[in-house]
Every structure is written in structure tokens, then in C-alpha cells.
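Written out below as C-alpha cells is the structure these notes cover.
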Amino acid sequence: MKTVKNFVKIRNTTEHYRNSEHYKKGEVVSAFGFLTPAMILAILFIVLPIFLAFTYGFTDYYLLKPNDKQFIGLENFKRMLTDEVLIQSFLNTIKFVVGVVPLQLAMALGLALIINKKVKGVGFFRTAYFSPAVLSLVVISILWTVLLNPTSGLINEILVNIGIPKQPFYQVQIKRCIPLW
């Protein structure tokens, strides 16, 4: 009974706060000012593409001929349900969701628990685990480009100092090209 009274008390307080003239007009205007750009972008990049995709689903629309649209009703959806590639893709997605996602979640939880414990060497493990997430791919690729430079790269300089000649890391020779398709 006590919790019901507290709920009623809190509800009455929030209704009083909501119904009161507590917000100043300038605060409301500035709130809408901050909200407007985000709402415009959300409408432009989320709502509008969803609406267009839904409407294009009922038309015969070819991207290279945008002015040549014809309403065909549910034909696209009928064709979609009989397409073998789409059905196989859907089944592969289901297999991935059932097989891989729980495994990834369990591994992520396990790693998070390991990182959170106070064990010897956890600092190194945290650094090794989080460095790929912190360092961007661009920075890492530039670093390896500098390290593997065939004329003045750090790895070649180390090799020369220990008596091994410089290596042409970037010179890859393809003797025969085999098409993949």
C-alpha cells in the first residue's frame, strides 16, 4: 500500500510540474533550435529513404532511367519470394544470427570479464585488446607504409644493421593472372 501512495505522490508531482508554467519560452526555443538540425538529418537520411524504398517496391524502377517508372503492384514481392539467391541469402543470414552472434556475445562478455579482473598482466592484455579499436585503420596503414619503405624504412634499416640486405617489400611480381570468375 505504501508503494501505491508513493507512486500517486510522484505522479501528482510530475503532473504538477508538467502542467505548470515552469519552462521559460527562451529555453523551449533553444531546445527546438538544438533539436532541429538533428531532426532534419534524421528525416533526410532515415525517414525519406525508408519511404522511397517502400514506394519503389511497388514500381518497375530502373536507376539508369529514373523517369521511366511504372506501377506493377506486388510483382516485385512475388518475384522476390521465388528467387533462389534471395532465399539462400536469407537462410545464410539466419544461420549466422543463430550460430555466430551468440558466440560473439559470449566471447565479448568473457573478454570483458577478464579485462575487469585484477590479475597479473591484465594491463598488457587491455592494451593489446583495445589498441585496434583506438587506432584507426588509416593510422596503422600509414605506420606500416613507413616501416616497410624499401629505401628508408625502419625495418630495412634494422636489417642492414644486422647484415641482411634491404628487402623490396612493395615489389610484388605477379607472373600469371588467374581470373576469379
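The table below lists the values:
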| item | result |
| --- | --- |
| Filtered residue count, the stretch 51-66, keeping only those that are under 17 Å from Leu81 (Cβ atoms) and aliphatic (A, V, I, L, M) | 0 |
| Only listed residue being more than 25 Å from the chain's Cα centre (by Cα) and among the basic types (Lys, Arg), chosen from Lys95, Lys69 | Lys69 |
| Hits in the stretch 74-97 - residues which are surrounded by 11 or more Cβ atoms within 10 Å (Cβ to Cβ) and of a type in the set (Asp, Glu) | Glu75, Asp83 |
| Pairs with Cβ under 9 Å, 6+ apart, first in the stretch 143-165 and open to solvent by less than 90 Å² (accessible area, probe 1.4 Å), second in a loop (DSSP other than H, G, I, E, B) and of a type in the set (Lys, Arg) | Pro150/Lys166; Gly153/Lys166; Asn156/Lys166; Glu157/Lys166; Leu159/Lys166; Val160/Lys166 |
| Cβ pairs under 8 Å, 6+ apart, first in the stretch 98-120 and surrounded by 10 or more Cβ atoms within 10 Å (Cβ to Cβ), second among the charged types (D, E, K, R) | Ile115/Arg126 |
| Hits in the stretch 129-142 - residues which are part of a helix (DSSP H, G or I), exposed (fewer than 11 other Cβ atoms within 10 Å of the Cβ) and modelled with pLDDT under 80 | Ser131, Pro132, Ala133, Val134, Leu137, Val138 |
| Matching entry among Leu103, Leu64, Leu113 (being more than 30 Å from Pro165 (Cα to Cα) and modelled with pLDDT of 90 or more) | Leu103 |
| Qualifying position, being at pLDDT below 95, open to solvent by 90 Å² or more (accessible area, probe 1.4 Å), of a type in the set (A, V, I, L, M, F, W, C) and in contact with a strand residue (DSSP E or B) (Cβ under 8 Å, 6 or more places away or on another chain), among Phe71, Phe54, Phe32, Phe58 | Phe71 |
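The values are calculated or read from the model by the stated rules, or taken from the named source; none is laboratory data. Keep in mind the model is a prediction, meaning the values are calculated, not measured. FYI the Cβ positions are ideal-geometry reconstructions off the backbone, even for glycines, and counts take in every protein chain you see. With ligands, DNA and RNA removed, areas are computed over all heavy atoms of the protein, side chains included. Shrake-Rupley method; radii C 1.70, N 1.55, O 1.52, S 1.80 Å.
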